[in-house]
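Remarks on the structure that follows.
The values are calculated or read from the model by the stated rules, or taken from the named source; none is laboratory data. Bear in mind that the values here come from a model prediction, so they are computed numbers and not experimental data. Please note: Cβ atoms are built from the backbone with ideal geometry, for glycine as well, and neighbour counts cover all protein chains shown.
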Amino acid sequence: MFSEKKNNPMNSDLTKEQNKIAQGTVFKGGIESQGSFRIEGKVIGNIKTPGKIVVGKTGYIEGQIECENADFEGEFKGELKVSKLLTLRATAKIEGEVFTDKLSIEPGAVFNATCSMKGAIKSISENVKKEQSA
């Protein structure tokens, strides 16, 4: 009559849970979580999650990020690894190295980074293979 899945918190999708670092908070150190993040404060360190990271206008991160999707309005310095979509809003400021599959940049965003895109790299290697076989 009652399903175990409903009563077992281990079966829930933890990437839908959201962690928040509020404005005025300074966090130094590494963070690893199954849930997504909203950063309005300052993080000096690394963040790793299979979820999404949203950095608000007052947010600042210095370190390394590994996530599925990221949406930036604030600042970032370091190495950014986004497996799917990286979105930079008009107020975003990014410096460092960026690795992503897809990139969306609004006018006004500052993007001073080296960028490697998986999709573009894959299509270049496929084109080289096609040319070599022709």
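Results for (1) within 12 Å of the chain's Cα centre (by Cα); (2) modelled with pLDDT under 95, shown as yes or no for each residue.
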| site | (1), (2) |
| --- | --- |
| VAL26 | no, no |
| LYS42 | no, no |
| LYS48 | yes, no |
| GLY51 | yes, yes |
| ILE61 | yes, no |
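Residues are listed down the side, and each one gets a yes or a no for (1) under 18 Å from VAL110 (Cα atoms); (2) of a type in the set (Gly, Ala, Ser):
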position: THR25; (1), (2): no, no
position: SER36; (1), (2): no, yes
position: GLY45; (1), (2): no, yes
position: LYS57; (1), (2): yes, no
position: CYS67; (1), (2): no, no
position: ASP71; (1), (2): yes, no
position: GLU75; (1), (2): yes, no
Regarding LYS57, is this residue over 22 Å from GLN18 (Cβ atoms), surrounded by fewer than 19 Cβ atoms within 10 Å (Cβ to Cβ) and more than 10 Å from the chain's Cα centre (by Cα)? no
Which residues, counting only those in region 41-59, are part of a loop (DSSP other than H, G, I, E, B) and either touching a residue at least 60 places away in the same chain (Cβ under 8 Å) or closer than 20 Å to LEU85 by Cα (or both)? ASN46, THR49, PRO50, GLY51, GLY56, LYS57, GLY59
Any residue in region 68-86 that is within 10 Å of the chain's Cα centre (by Cα) and in contact (Cβ under 8 Å) with a residue 40 or more places away in the chain? yes
Scan region 88-113 residue by residue and report those that are within 19 Å of ASN46 (Cα to Cα) and among the polar types (S, T, N, Q). THR100
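Is it true that GLN34 is modelled with pLDDT under 95, touching a strand residue (DSSP E or B) at 6+ places or on another chain (Cβ under 6 Å) and over 28 Å from ASN112 (Cβ atoms)? Don't jump to the end; show me each part of the working.
Values: modelled with pLDDT under 95: yes; touching a strand residue (DSSP E or B) at 6+ places or on another chain (Cβ under 6 Å): no; over 28 Å from ASN112 (Cβ atoms): yes.
Here the answer is no, as GLN34 does not meet what is asked.
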